[in-house]
Amino acid sequence: MKVKKYKEHLQRQGMPGEVIEKQLNMIRDFVTFLTEPGLNETIATAGKEAVEKFARQLIAEGRNTLENFSALCNYADWLGQRRLYVALIELMDCHNAMMVLADELEKRHGRGLRDQIFREVLPPLGANEKERWAYTRTITERMAQRIAPQERQAAWFRVQHGIPAEAWWEGEAADKEKFRQCGNIDEFLTLKRRERDAMLTRMRDEDKLWYAVAINDEVLDFIRNDPEMEVGQREGKRIYISKVPYNAVRYLQASDAKLKRYYACHCPLVREAILQEQPISPEVCNCSLGHASHYLAGLGQELKGEVLESAVKGDTRCRFVFHLPEEELIQ
């Protein structure tokens, strides 16, 4: 364990001493936990199973905070322990999505309906994907009984992986200026593809993850050869966007359709349902539709969209369409 060097690293970042000690104590607790009977793991070998077991302990102790999980995640990243880092990222991913959905339902339909749908306490931070999927299925079933389909889809659209609106502002402002300089939508999308390819090429060359996605030659070629992927391709008054698979390396290696769908899916609220071959409402995928809408925010229009294909629906990719409302955007 390289705690002393990591402490020096945090000090160089200007982190206050009390915060450093709190983070180091969490790291020490995790390392000690890994040596307990039945585990016999190390930082170098620990992955999803060890992280989920430690999370259950933190939940029981009331220490399952974003701060604590982030401390472990940052340490794993600093060490270059990718397996551990990704497991921690997945544990925190979309951690507040169901709260955002509950708030959106209350805003649209009132507190009474929210309480009818969200009767139980939300899954705690650190709950595994089986627990999160089971809870999501219950919520979608109750929504289907009480809310019209269009309203359900609109509520999920606003969830957008739980990312707050202000997190997008800087990038969207930059994209609006790029669109202004490009002069038309096709030039803008071409520019965004060049930026995408340059960024992913750099990540491949530096052996860095793009969020939790590993970029190798095969993945890079796969993305570069699809103009829709993560940017969008215009056809008439429609723009089609497809998602980069969540685990792109394994997605490209998989021949089994179920596994391909599982590796395609980004959503920790429903991904386990694919693996267990259990039904769940594809309306959840409107959350990713809302997320993808930010890719086109540079156009300065609130575009209507729909989910065309999704891993939850049984497809081997996730694909959306957005409709351009004004002809002058195309010119």
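What follows is calculated from the coordinates using simple rules that are stated; it is not laboratory data. Please read all numbers here as calculations on a predicted model, not as lab measurements. Glycine also receives a Cβ, built like all others from the backbone with ideal geometry; neighbour counts cover every protein chain displayed.
Shown here for region 215-268: trypsin sites (Lys or Arg not before Pro) in loop regions (DSSP other than H, G, I, E, B) with at most 14 other Cβ atoms within 10 Å, namely Lys237. With the simple spin-label model, which puts each label point 7 Å out from Cα in the Cβ direction, the Gln233 to Leu39 separation comes to 4.7 nm. Of the residues Arg180, Arg271, the one with the fewest other Cβ atoms within 10 Å heads the list, and the complete ranking is Arg180, Arg271. Descending by average beta-carbon neighbour count within 10 Å, the peptides 157-163, 71-77 line up as 71-77, 157-163, the highest first. Calculated on the Cα set of region 111-211, radius of gyration then Dmax: 20.0, 53 Å.
Within the chain, the longest run free of GluC sites (Glu not before Pro) that sit in a DSSP loop with at most 15 other Cβ atoms within 10 Å is 1-119. Judged by the ratio a/c of the largest to the smallest principal axis of the C-alpha gyration tensor, region 165-329 counts as oblate, that ratio being 1.5 or greater while a/b is no larger than b/c.
Simple spin-label estimate for Arg142 and Ala212 gives 2.6 nm between the two label positions (7 Å along the Cα-to-Cβ direction from each Cα). The distance from the alpha carbon centre of region 1-50 to that of region 186-207 is 35 Å, rounded to a whole number. Seen from every direction in turn and averaged, the convex hull around the alpha carbons of the chain projects onto 18.9 nm².
Dipole size of the chain about its Cα centre, with +1 on Lys/Arg Cβ and -1 on Asp/Glu Cβ: approximately 440 debye, rounded to the nearest 20. Computed on region 3-92, with alpha-carbon pairs under 8 angstrom and 6+ residues apart, the relative contact order is 29 percent. Annotation: amide H of Arg238 within the under-5 Å range of Leu324, sequence separation 5 or more or interchain, hydrogens built in the peptide plane.
Short-range pairs are left out: with C-alpha atoms under 8 Å and at least six residues apart, the relative contact order of the chain is 16 percent.
At a Förster radius of 45 Å, what calculated FRET efficiency corresponds to the Cβ-Cβ distance of Ala174 and Arg108, to the nearest 0.05? After rounding, the FRET efficiency stands at 0.90. Model label sites at Glu187 and Asp221, defined 7 Å from Cα along the beta-carbon direction, differ in position by 3.3 nm.
Taking the Cα centre of region 86-158 as origin and assigning +1 to Lys and Arg Cβ atoms and -1 to Asp and Glu Cβ atoms, the resulting dipole is close to 320 debye. Between the alpha-carbon centres of region 52-104 and region 237-299 there is a gap of 21 Å.
Computed extension length for Glu166-Arg63: 34.3 nm, one decimal, from 0.36 nm per residue of separation with the Cα-Cα distance subtracted.
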